[in-house]
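Engineer: Before I ask anything, here is the structure I am working with.
The values are calculated or read from the model by the stated rules, or taken from the named source; none is laboratory data. All values reported here derive from a predicted model rather than from experimental measurement. Cβ placement follows ideal geometry from the backbone for every residue including glycine, while neighbour counts extend to all protein chains displayed. Just so you know, the surface numbers come from the protein's heavy atoms only, side chains and all, with ligands and any DNA or RNA stripped out. Shrake-Rupley method; radii C 1.70, N 1.55, O 1.52, S 1.80 Å.
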Amino acid sequence: IGMLHFKRANHGDALAAFEEALNVKQMKQGTQTLDYARTLNNVANVHFSAGTLDRAMQLYQEALAIKKEQLGEAHDEVANTQNNVAHLFFTLGRSKECLEAYKEVLRMRRNKFGPDHLAVATTLSNIGDLHVKMDNPRAAVEAFRESLRIRKLQEDSNPADVSRALDS
């Protein structure tokens, strides 16, 4: 129900549904389970979309800590939540923290998937976008070129993604 409301941008109803789910999970499972962390991440997504960014950051970081504890740092779900943190730093204009968060995502994805995976290319594109925002064109070009190289290696790469990498 929460996801349905979220997809329809009914933030209040989505939060109410997710908060109810969190309460049930807390009573039945406690607050340190993967299931609880996933719902925290959903609540953070709603706050991000609604513009309550400080609350979103708090929830992403709480979910990230639980996921690291439950799954270890090598799991892609941990990298995805770390990516949410990085994206929020990007939105907040906190470039230094954003870059560190994206570097952590890049490290995790390279370790998990290898250096030539599309998830690595996506993270490199995000880093390139950040460098553009930071007015660091050399670093941006380097990240975009590496992303493009990886995308060209992949047979199942989306032509629109290759095109975006070339545009960047």
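Engineer: Return the pairs, sorted by first residue and then second, in which the second residue is open to solvent by 90 Å² or more (accessible area, probe 1.4 Å), the first residue lies in the stretch 18-34 and is under 21 Å from Val78 (Cβ atoms), the beta carbons are less than 6 Å apart, and the residues are 6+ apart or on different chains.
Structural biologist: Leu34/Gln70
Engineer: Filter the stretch 43-78 down to residues that are open to solvent by 70 Å² or more (accessible area, probe 1.4 Å) and of a type in the set (D, E, K, R), then give me how many there are.
Structural biologist: Result for the stretch 43-78: 5.
Engineer: Select the helices (runs of 4 or more DSSP H) contained entirely in the stretch 72-158, then report the ones holding at least 2 residues which are more than 16 Å from the chain's Cα centre (by Cα).
Structural biologist: Working: elements: 76-92, 95-113, 118-133, 137-153.
The qualifying helices (runs of 4 or more DSSP H) are 95-113, 118-133, 137-153.
Engineer: Checking the conditions here, which among Lys25, Lys68 is more than 20 Å from the chain's Cα centre (by Cα), of a type in the set (Lys, Arg) and in a helix (DSSP H, G or I)?
Structural biologist: Values: Lys68 fails: more than 20 Å from the chain's Cα centre (by Cα).
Result of the check over Lys25, Lys68: Lys25.
Engineer: (1) open to solvent by 60 Å² or more (accessible area, probe 1.4 Å); (2) within 24 Å of His75 (Cα to Cα): which one isn't true of Arg109, the others all being true?
Structural biologist: (1)
Engineer: Looking at the stretch 96-118, I want the residues that are within 13 Å of Ile150 (Cα to Cα) and acidic (Asp, Glu) and have a partner that is modelled with pLDDT under 95 and open to solvent by less than 50 Å² (accessible area, probe 1.4 Å) with Cβ atoms under 6 Å, at least 6 apart or on another chain. Which pairs are those?
Structural biologist: These pairs meet every condition: Asp116/Ile150.
Engineer: Still on this model: Is it true that some residue in the stretch 79-102 is surrounded by fewer than 15 Cβ atoms within 10 Å (Cβ to Cβ) and in contact with a Leu (Cβ under 7 Å, 6 or more places away or on another chain)?
Structural biologist: yes
Engineer: Exactly one of these conditions fails for Gln32: (1) part of a loop (DSSP other than H, G, I, E, B); (2) surrounded by 16 or more Cβ atoms within 10 Å (Cβ to Cβ). Give me its number.
Structural biologist: Answer for Gln32: the failing condition is (2).
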